[in-house]
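I have placed the structure first, in the form of structure tokens, so that the comments after it can refer back to it.
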Amino acid sequence: MVSGEPLHSYADATAVRELLRTEQATLLLRYVDQWHPGVRSLTSSIAERAGRLTEAFFFHTQSGVQSPPHRDDGDALVIQIDGRKHWKVYGAPTDPQWVPGKKVDAPGPVLLDTVVKPGDVLYIPHGFAHHAEAADDGASSHLTVTMREAAAPHLRATLQSLLTDGCSLPGRPVGDDALIDTARRLLEHMRARLADTTPQQVIDHARPHAHANRLW
């Protein structure tokens, strides 16, 4: 019910509780920073300091439920809220074409094997494989704050934007001469911008907008 009116598109709270109780399901609330003021303040502060797109996800997991090993497309801060959770963190990927979120069948040796308690914060570096399991003594709740990292597609899109920024061209030049002149002006503009553009500038511009779902 919202303002006294039933909205059937919303989740059924009773059904959700029943799934958690009987099916050992995991409750995932995405992009908590978009609707929770306290979490939004936290992610905004981190984003400003790190220069990265920062988002938050809430997980409530029943005892014994285990996630498969996977890699994320950013650095993660896992903030334990309630209960305990057993984490295993593995190394960085050796394949440069690795895919975030995909199950990792052979993650390699364990670098960290630990149990986090309420108030603990676990840092997982970008791309390092990991998985977690709620402890046997009850359910677990944690907030994952993800600082997205740029990838090659983001760098390409950002470079294109930087090189063409400020270039005023006719929208539809008529005739070969006009088209050639437009192409010449575009090349001259891009060459001049490229000469003044550094790799770090490309990265700094790409990071605040990097998100796996936008370009992969």
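Quick notes
- Amide H partners (placed H, <5 Å) of Ala129, local residues excluded: Tyr90, Gly91
- Rg in Å to one decimal, and Dmax rounded to a whole Å, for the chain via C-alpha atoms: 22.9, 77
- Computed packing ranks the peptides 91-97, 28-34, 107-113 as 28-34, 107-113, 91-97, most packed first, by mean other Cβ atoms within 10 Å.
- Cβ-derived FRET efficiency at R0 30 Å, Tyr31 paired with Asp113, nearest 0.05: 0.50
- The phi torsions of segment 159-173, fed into the Karplus equation with coefficients 6.51, -1.76 and 1.60 and a -60° offset, translate into couplings of 4, 4, 5, 5, 6, 9, 4, x, 8, 9, 10, x, x, 9, x Hz, rounded to whole numbers, with Gly and Pro shown as x.
- One way to sum up the overall shape of segment 132-212 is the equivalent ellipsoid from its Cα gyration tensor, whose semi-axes run 46, 14, 8 Å, largest first.
- Phi-derived couplings, Karplus 6.51 cos²θ - 1.76 cosθ + 1.60 at θ = phi - 60°, listed residue by residue for segment 33-50: 4, 7, 9, 10, x, x, 5, 4, 4, 5, 5, 5, 5, 5, 4, 5, 6, 8 Hz, with x used for Gly and Pro.
- By average C-beta atoms within 10 angstrom, highest first, the peptides 35-45, 65-75: 65-75, 35-45
- Taking the inverse of the mean reciprocal distance over all distinct Cα pairs, the Kirkwood hydrodynamic radius of segment 110-173 comes to 16.7 Å.
- Kirkwood hydrodynamic radius of segment 1-118, from inverse mean 1/r over distinct Cα pairs, in Å: 17.2 Å
- With K and R counted +1 and D and E -1, the other residues having a Cβ less than 15 Å from that of His131 yield a net charge of +1.
Throughout, read-outs are computed from the coordinates displayed, never taken from laboratory work. Worth saying up front: this structure is predicted, and the values here are computed from it rather than measured. Note that each Cβ is placed from the backbone with ideal geometry, even for glycine, and that neighbours are counted across all protein chains shown.
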